[in-house]
Amino acid sequence: MGMAFAAILGLTSCGTSSHLSHNQNQNQTSVVLNQANYKVVETVSAKVTQIYVFGLGGITAKALRESALSKMMNSANLNGGSKAIINTNVQETVKMITPIYMERTVTASGTVVEFTK
């Protein structure tokens with residue numbers, strides 16, 4: 001009975017989620033959005049997932065965040081016109097079955113605005 005309980009306890013799954021609210025964007029540009037000189041074009045997002053088995057495999061959490069941000073920037077179609085991405089957010093979700101399996105997913109999102117004046 002004790003072995004079965006230990007096995008069940010050892011194979012339980014856990015999950016965490018965190019919203020990384022500090023600025024991960026190293027392409028910082030100062031713009032003034034207090035006038036009616038822009039319009040919201042679209043919301044863009046990108047998701048990157050990495051799987052680890054027994055703690056091995058994949059890239060670091062920092063590299064995963066950078067990859068999600070890069071993928072989001074590439075999907076934003078900033079060519080043609082004066083456009084910028086504002087309100088950039090990064091969300092990280094971790095699912096795990098201790099200690100065998102871990103899946104880390106990072107989602108980056110932002111709002112594309114186009115300046116009209």
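Since every read-out is calculated from the coordinates, none of them should be taken as a lab result. Computed from a predicted structure; not experimentally measured. Cβ: placed from backbone, ideal geometry, glycine included. Neighbour counts: every protein chain shown.
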If amide H atoms are modeled at 1.01 Å from N in the peptide plane, then the residues at a separation of 5 or more from Y101, or on another chain, having amide H under 5 Å from its own are F54
Order these by the 10 Å Cβ neighbour count, fewest first: R104, R65.
R65, R104
So, in Å, what gap is there between the alpha-carbon centers of the stretch 40-58 and the stretch 64-117?
9 Å
I want the local charge near F115. Using Cβ-Cβ distances under 14 Å, sum +1 for each Lys or Arg and -1 for each Asp or Glu among the other residues.
+2
For K71, which aspartates and glutamates qualify as cross-link partners when the Cα separation must be under 18 Å and same-chain residues fewer than eight apart are set aside?
E42, E92
